[in-house]
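Student: One structure is given below, represented as structure tokens, and several questions about it will come after.
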Amino acid sequence: MPRVKVSKPKSKAAGLPAVLVTLRRTFREMGVRRTAQTLYRINQSDGFDCPGCAWGEPKDRRHAEFCENGAKAVAEEATTKRVGPEFFAEYSVADLASQTGHWLGQRGRLTHPTVRQPGAEHYEPISWDDAYDLIAQHLWECEPNEAVFYTSGRTSNEAAFLYQLLARSLGTNNLPDCSNMCHESSGTALNASIGIGKGSVTIEDVETADLVIVAGQNPGTNHPRMLTTLAAAKRNGARIIAINPLPEAGLRAFADPQKITGLAGHAQPLADDFLQIRIGGDLALFQGLGRLLVEAGAEDREFIEQHCAGYAEWADHISAVDLDTVVEATGLTLAQIESTAHAMASAERIVICWAMGLTQHEHAVATIEEATNLLLLRGMIGKPGAGLCPVRGHSNVQGDRTMGIFEQMPEWFLAALDQEFGIASPRPHGYDTVNAIRAMRDGKVKVFMAMGGNFAEATPDSEVTAEALRNCALTVQVSTKLNHSHTITGKTALILPSLGRTDLDVQDGVKQHVSVEDSMSMVHLSTGRLAPASPELRSEVAIVCELAQRVFGPEHPVAWGQFARNYDLIRDSIEKVVPGFDDYNQRVRARDGFLLPHPPRDSREFHTGTGRANFAVNDLHWVPTPAGRLVLQTLRSHDQFNTTIYGLDDRYRGVKGGRRVIFVNPEDIAALGHSDGDTVDLVSEWNGTERRAEGFRIVAYSTPPGNAAAYYPETNPLIPLDHVAKRSNTPASKAVIIRLEKSR
């Protein structure tokens, strides 16, 4: 285990250190000239969309419209390092499996398609034609629902649309994606409450709000460009309330690295109030706030009467919430809760932002419904400067869902798809991520294909997931770089190297553009300009189209070959299938792209079963800490994006040189018989079963009593596959009961 150094956590984010880290990483990976050419075009209207988070771009873009972690993501993709056939000849699959994810990612860009034949110790080169024939043969030999097509949020709108068309043409809705593991709870809750599973705000709304609540989110690490928006809101007079189990530097203060004052160390304070809530206490908090707001007469009667259903039932239920229970469940004082309620009662424009800290709990859907209830109560939907803001964690995960990457798309979408292409889409729901793992584990899936991502390490219950993947006859990974999903394979395994966001995509001599959708429902173009890492690389669009031609043959009604040569034709078809994409090719070429319609935001129309926004009634649920145990949340380090590990440091939390650490309240460390710096194993306990992750260094930290935190994917082995959020089936990675045992 690396020797970890621990220092005092930082009290502010960004500033000169962020600039220096950015330059050091990008120069190391790309060199000075390539760095200048690449960073200049991140998130610009004539450039490429950052492959990191999905935070939107403001109308007035800065020359450097990127953050430290976005630059790291670009450097990882645009690196000059290469992984070719000679690499796989040197390293066996077992050799690669023994390395860390960080080591694998640092090897460089994949250059050639490779195959691992049954029983082989190494990947070997394979031609594209033979690779497509191999996949087609396996698909022909299985029933449609014995194939699973997974999608990462990196995938463009065009590639995602064709990918789901491939699956549905084959006859399956088995289209799990990374959203199943992150914001599925948000979509489930918002669809039930307001009739659309997307946030209702723009960048301008956040900037002009007078109260911004940031709950279960760490923007300083996970969405750093959001700090610029929060700083603008602060300058405009907003009050910011941070609700989180850990104090995070990015919510305390922001030193803007694009201003001289920020580079000089001056930081703008952001959060006016920090509510250090117990893990899983947000549902109780929102219900307690609801009671106090109702008692204060803070409801917007006109909005409720004209646009809402279920208010009376909710008000009766919420009025009976016991505030003593709320205090116990949240770990907050009654004074803190009352102060927050007063802020909400007096604000004219409220935005609530959230991320994984709310979505990955057993009661996640109910929690988000209760947050929505508060805004409905105050009439904050369809109002400038107000609304709901689920902050998506991957650049086009929202766009992929819009394009049909979902195991249970509605009938209107499937009917439109069938009409446009002359196919017969299946209607039975397919597998989401958790159910796909269960099906693979149980031998019900023969072919697993992943369009990007790192399925083996992004998913829960690592041993079960590995067993599930190994049960497959064929696993296919469309990838830009190595990760552990390439070492946990079916009996036959393919790696198909693809273009990335930064790469120039030329088809039939014509430069192509793809498009993406951000968290604010803005759709815009993304155009790479770097020479591809190898002439063997294919675009994701080309891979899907060439595979489909091989699987279905020339008589298939879909014009796969034309789509591969001209992405405008794909957008023409999207326009006919997906509402809101009228004049797609024209509007997406505008400087800032275009904003998709959002009926609750645009006209206070709610396409729910009642035709109104629905107040939801939920039982109060929280996770007490059993004696001698801790409640663990999993999270990212600052040197990380999803499962991609850029480095072994987390400077905002004061950790350097390692990742196997667990942050524990000092009083809990003593009470459990340990000391700061001890090495322990983490043992999770759930429904009479135990799972173990070994060799974690205890770090004394400001966590709520009884709570702890550690990084994933190192802690994914502790997450039971069947411990999921009710209704959304999202893995409950944020409230895991564990005990600490001294390592042997």
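Student: What pairs come out if I take residues in region 88-110 that are at positive phi and pair them with residues that are of a type in the set (Val, Ile, Thr) and surrounded by fewer than 19 Cβ atoms within 10 Å (Cβ to Cβ) whose C-beta lies under 8 Å away, six or more apart or interchain?
Tutor: Matching pairs, first to second residue: 108/80.
Student: Which of the numbered conditions does residue 471 fail, given that it passes all the others? Conditions: (1) within 15 Å of the chain's Cα centre (by Cα); (2) surrounded by fewer than 22 Cβ atoms within 10 Å (Cβ to Cβ).
Tutor: It fails just one condition, (1).
Student: From 19, 115, which residue is closer than 26 Å to residue 263 by Cα, touching a residue at least 60 places away in the same chain (Cβ under 8 Å) and not in a loop (DSSP other than H, G, I, E, B)?
Tutor: Every option except 19 fails the conditions.
Student: Here's another thing I want to ask about it. Of everything in region 330-359, what is open to solvent by 20 Å² or more (accessible area, probe 1.4 Å) and either within 30 Å of the chain's Cα centre (by Cα) or free of Cβ contacts under 8 Å to residues at least 60 places away in the same chain (or both)? Give them in sequence order.
Tutor: 331, 333, 334, 335, 338, 342, 345, 346, 349, 356 - these are the residues of region 330-359 that are open to solvent by 20 Å² or more (accessible area, probe 1.4 Å) and either within 30 Å of the chain's Cα centre (by Cα) or free of Cβ contacts under 8 Å to residues at least 60 places away in the same chain (or both).
Student: How many residues, within region 236-275, are in contact (Cβ under 8 Å) with a residue 12 or more places away in the chain and basic (Lys, Arg)?
Tutor: Of the residues in that region, 2 qualify.
Student: Tell me which residues, restricted to region 664-698, are open to solvent by less than 10 Å² (accessible area, probe 1.4 Å), farther than 22 Å from residue 362 by Cβ and touching a helix residue (DSSP H, G or I) at 6+ places or on another chain (Cβ under 8 Å).
Tutor: 698
Student: Here is a further query. Would it be correct to say that residue 105 is buried (at least 16 other Cβ atoms within 10 Å of the Cβ), of a type in the set (Gly, Ala, Ser) and modelled with pLDDT under 95?
Tutor: no
Student: Within region 616-638, track down each residue that is in contact with a strand residue (DSSP E or B) (Cβ under 6 Å, 6 or more places away or on another chain), open to solvent by less than 40 Å² (accessible area, probe 1.4 Å) and not in a strand (DSSP E or B).
Tutor: 623, 637, 638
Student: Hey, does region 553-562 have a residue that's under 30 Å from residue 727 (Cα atoms) and assigned to a loop (DSSP other than H, G, I, E, B)?
Tutor: No - not one qualifying residue is present in region 553-562.
Student: If you go through region 67-102, how many residues are open to solvent by less than 10 Å² (accessible area, probe 1.4 Å) and hydrophobic (A, V, I, L, M, F, W, C)?
Tutor: Residues that pass the stated criteria total 8.
Student: Next question. Given (1) over 24 Å from residue 417 (Cβ atoms); (2) surrounded by fewer than 20 Cβ atoms within 10 Å (Cβ to Cβ); (3) out of contact with any His (no Cβ under 9 Å at 6 or more places or on another chain), identify the lone condition not met by residue 587.
Tutor: All conditions pass for residue 587, except number (1).
Student: I'd like the full set of residues that are farther than 26 Å from residue 719 by Cα, touching a Gly at 6+ places or on another chain (Cβ under 9 Å) and assigned to a helix (DSSP H, G or I), limited to region 166-181.
Tutor: 167, 168
The values are calculated or read from the model by the stated rules, or taken from the named source; none is laboratory data. Since we're looking at a predicted model, the values are computed, not measured. Note: ideal-geometry Cβ built from the backbone for every residue, glycine included; neighbour counts use all protein chains shown. Heads up: the accessible areas ignore ligands, DNA and RNA and are worked out on the full protein's heavy atoms, side chains in. Shrake-Rupley method; radii C 1.70, N 1.55, O 1.52, S 1.80 Å.
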